[in-house]
1. Can you run down the residue pairs with Cβ atoms below 6 Å, 6 or more apart or on separate chains, where the first is in the stretch 73-92 and over 15 Å from Glu63 (Cα atoms) and the partner is open to solvent by less than 20 Å² (accessible area, probe 1.4 Å) and in a strand (DSSP E or B)?
2. Could you tell me which of the residues Lys77, Lys100 is under 13 Å from the mean Cα position of the chain (by Cα), modelled with pLDDT of 90 or more, under 19 Å from Ile10 (Cβ atoms) and not β-branched (Val, Ile, Thr)?
3. Check whether at least one residue in the stretch 109-116 is open to solvent by 70 Å² or more (accessible area, probe 1.4 Å), without any contact (Cβ under 8 Å) to a residue 40 or more places away in the chain and more than 16 Å from Val23 (Cβ to Cβ), and report yes or no.
4. Looking at the stretch 1-21, which of the residues that are open to solvent by 30 Å² or more (accessible area, probe 1.4 Å) and hydrophobic (A, V, I, L, M, F, W, C) is farthest from Arg99 (Cα to Cα)?
5. So Met42 fits all but one of (1) at pLDDT below 85; (2) open to solvent by 30 Å² or more (accessible area, probe 1.4 Å); what number is the exception?
6. Out of everything in the stretch 78-96 that is of a type in the set (Asp, Glu) and assigned to a strand (DSSP E or B), what residue ends up being most open to solvent (accessible area, probe 1.4 Å)?
7. Val108 - would you say it is of a type in the set (Val, Ile, Thr), under 22 Å from Arg9 (Cα atoms) and part of a helix (DSSP H, G or I)?
Amino acid sequence: MTDQERIERIERIGRNEALFREVNERIEDLNRGFAAVSDGLMHIVCECGDRDCVDQLPVAPEEYERVRADSTQFIIKPGHEKPSTETVVGEGKGYYVVRKTGERAERVAEETDPRNGYS
């Protein structure tokens, strides 16, 4: 793989993850619109870099907020991690928390974070 192909792959994975993060932001907005969630959990879409993945993960709202406080962190299903662009930094019941590694991957994550004004 050439350096250019590697860079394009990193950016593509980052954009895919950003798309799922945006979906989960909308899910969180909907959950806030209801007084209570039946099981007390948000059911988010896996934020891995695979654009075809639609696995759902139950996450406590406060845990989601803790992860989202860092633009370079994502919640994914175990086994969906991409060691070339991220490191597992935490684990919950049925999910991993990963942090993007490397300057380009971190930049894509920060630039595509809807909480940083991206939309």
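1. Close Cβ pairs (under 6 Å, with a partner that is open to solvent by less than 20 Å² (accessible area, probe 1.4 Å) and in a strand (DSSP E or B)) amount to Glu81/Val98; Glu86/Val98; Glu86/Lys100; Val88/Val98.
2. The match here is Lys100.
3. The answer is yes, given that some residue of the stretch 109-116 is open to solvent by 70 Å² or more (accessible area, probe 1.4 Å), without any contact (Cβ under 8 Å) to a residue 40 or more places away in the chain and more than 16 Å from Val23 (Cβ to Cβ).
4. Looking at residues that are open to solvent by 30 Å² or more (accessible area, probe 1.4 Å) and hydrophobic (A, V, I, L, M, F, W, C), I get Met1.
5. That leaves (2) as the condition not met.
6. Glu91
7. Yes; evaluated as a whole, the condition is true for this residue.
The values are calculated or read from the model by the stated rules, or taken from the named source; none is laboratory data. All values derive from a computational prediction rather than experimental measurement. FYI the Cβ positions are ideal-geometry reconstructions off the backbone, even for glycines, and counts take in every protein chain you see. Areas reflect the complete protein model, heavy atoms only, side chains present, ligands, DNA and RNA absent. Shrake-Rupley method; radii C 1.70, N 1.55, O 1.52, S 1.80 Å.
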